[in-house]
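J.: Dropping the structure in here first, questions after.
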Amino acid sequence: MRVGAIDCGTNSIRLLIAEVEKHPTEGSPRKVEDLVREMRIVRLGAGVDATGWLSQAALDRTFQATEEYARLLKKHKVKHVRMVATSATRDAGNREAFIEGISERLGGVKPEVISGVEEAELSFLGAAATVDAVRSGRSLVVDVGGGSTEFVLGDEHGVVASRSVNIGSVRLTERHLSSNPPTESQIRRVVNDVDAALTTVLDSVPIPTADRLIGLAGSVTTVTAQALGLETYDAERIHAHESPISEIESAARSLTLMTKSERAALGFMHEGRADVIGAGAQIWSRIAERVRGMTDGRISTAITSEHDILDGIALSVAEPRK
């Protein structure tokens, strides 16, 4: 079954066109074969934390990327398409302008502004299909986005508990990291926000019961690339790599203390991420550090997944809606 999945977050809009196995073997995950996987940094959520509105410039960037994706969907003759929008759109007072503009460009396909809970569940679905470790014991999957971060605890039977909180690379950069590079006091404010968010998460997600930690999305994969010392971005080396949390902390601090130009010069850095990766790296590093402490050191490493909510969206298209 050929499907199209579009994920529009605070920082980027991504497209996956894939062949998804329609009738998997009982007890096995559906097989997904990528045909097209694209990403554009559009910074849809620029300024939303402060103003509560999507700017016209951000909308225009997002609409332009959507037009490119619409052409790819047509070229590959995709009939089954689902698009979801997350944190920035949830928070915006003018989200109807976004929905109408996207629908016009996608031939009537309306973006679904999903809740943080559904965002977490789709992220877990995407990770569960591609990381073998999810299929035994309990896994804490953390999706560090631009506007929010999703925590979802699950096992081979599915989601046990989840929570979405408003900490993300774009949001916390705009809120705290005003200098280049950031000061220690600015970094501490980011860490304080992460700690406060974790207090909220613990109200509904029993993190200490997790057996492993899995990180998703651009901030996580970029920190992993730094930890691996990659000269260029290599998805195959990054996917399923298991990093000691001490290495995550070291790589995150290194990225945070660089200037924007120094980050941009790194061969693995995606265009448009250099100015927000400091906050993203600190979010992921602090979460990993706290999870290690909450589990009394049982979890001392973290697995990186290249597959996330985008894969979950694609898989959801092949599943009958309940």
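J.: Could you tell me which residue of the range 303-322 is nearest to ILE248 (Cα to Cα), considering only residues that are without any contact (Cβ under 8 Å) to a residue 24 or more places away in the chain and either in a helix (DSSP H, G or I) or charged (D, E, K, R) (or both)?
T.: Of everything passing the filter in the range 303-322, GLU319 is nearest to ILE248 (Cα to Cα).
J.: In the range 174-208, which residue that is among the charged types (D, E, K, R) and in a helix (DSSP H, G or I) is surrounded by the most Cβ atoms within 10 Å (Cβ to Cβ)?
T.: ASP193
J.: Something else about it: Filter the range 82-122 down to the residues that are of a type in the set (S, T, N, Q) and touching a residue at least 24 places away in the same chain (Cβ under 8 Å), then identify the one that is farthest from ARG2 (Cα to Cα).
T.: Once the filter is applied, the top-ranked residue is ASN94.
J.: Continuing with the same structure: Do we have LEU125 as farther than 29 Å from ILE214 by Cα and surrounded by 22 or more Cβ atoms within 10 Å (Cβ to Cβ) here?
T.: It is false that LEU125 is farther than 29 Å from ILE214 by Cα and surrounded by 22 or more Cβ atoms within 10 Å (Cβ to Cβ).
J.: Can SER162 be described as buried (at least 18 other Cβ atoms within 10 Å of the Cβ) and without any contact (Cβ under 8 Å) to a residue 60 or more places away in the chain?
T.: yes
J.: Look at VAL142 and say whether it is farther than 18 Å from VAL48 by Cβ, in contact with a strand residue (DSSP E or B) (Cβ under 6 Å, 6 or more places away or on another chain), aliphatic (A, V, I, L, M) and open to solvent by less than 10 Å² (accessible area, probe 1.4 Å).
T.: When the stated conditions are applied, VAL142 passes them.
J.: All but one of (1) surrounded by 15 or more Cβ atoms within 10 Å (Cβ to Cβ); (2) outside any loop (DSSP other than H, G, I, E, B); (3) of a type in the set (A, V, I, L, M) hold for VAL109, so report the exception by its number.
T.: Exception for VAL109: condition (2).
J.: Would it be correct to say that LEU310 is more than 14 Å from the chain's Cα centre (by Cα) and of a type outside the set (Asp, Glu)?
T.: So LEU310 fails the test.
J.: Just give me the residues in the range 182-202 being of a type in the set (A, V, I, L, M, F, W, C) and over 13 Å from ILE167 (Cα atoms), in sequence order.
T.: Residues satisfying the conditions are ILE187, LEU202.
J.: If you don't mind, another one. Hey, does the range 221-241 have a residue that's open to solvent by 60 Å² or more (accessible area, probe 1.4 Å) and among the small types (Gly, Ala, Ser)?
T.: No, that holds for no residue.
J.: List every residue pair whose Cβ atoms lie under 7 Å apart, where the two residues are 6 or more positions apart in sequence or sit on different chains, the first residue falls within the range 178-207 and is free of Cβ contacts under 8 Å to residues at least 24 places away in the same chain, and the second residue, located anywhere, is in a loop (DSSP other than H, G, I, E, B).
T.: Listed by first residue and then by second, the contacts come to GLN186/LEU177; GLN186/SER178; GLN186/SER179.
J.: Could I ask something else about it? Can you tell me how many residues within the range 283-302 are in contact with an Asp or Glu (Cβ under 8 Å, 6 or more places away or on another chain) and assigned to a loop (DSSP other than H, G, I, E, B)?
T.: 2
J.: So in the range 112-121, with the set limited to residues that are open to solvent by 10 Å² or more (accessible area, probe 1.4 Å) and under 13 Å from SER316 (Cβ atoms), which one is modelled with the highest pLDDT?
T.: GLU112
J.: Would you be able to tell me the number of residues in the range 220-252 that are part of a helix (DSSP H, G or I), of a type outside the set (A, V, I, L, M) and either within 14 Å of SER305 (Cα to Cα) or over 20 Å from the mean Cα position of the chain (by Cα) (or both)?
T.: Residues meeting the conditions: 8.
J.: Follow-up. Scan the range 71-100 for residues that are open to solvent by less than 60 Å² (accessible area, probe 1.4 Å) and farther than 16 Å from GLY45 by Cα and report the count.
T.: 7
J.: Return the total of residues in the range 281-306 being within 14 Å of ASP143 (Cβ to Cβ) and crowded, with 24+ Cβ neighbours inside 10 Å.
T.: Of the residues in that region, 7 qualify.
The values are calculated or read from the model by the stated rules, or taken from the named source; none is laboratory data. Please read all numbers here as calculations on a predicted model, not as lab measurements. Quick reminder, even Gly has a Cβ in these numbers, built from the backbone with ideal geometry, and neighbours come from all protein chains shown. Accessible surface is based on the protein model in full, side chains and every heavy atom, while ligands, DNA and RNA are left aside. Shrake-Rupley method; radii C 1.70, N 1.55, O 1.52, S 1.80 Å.
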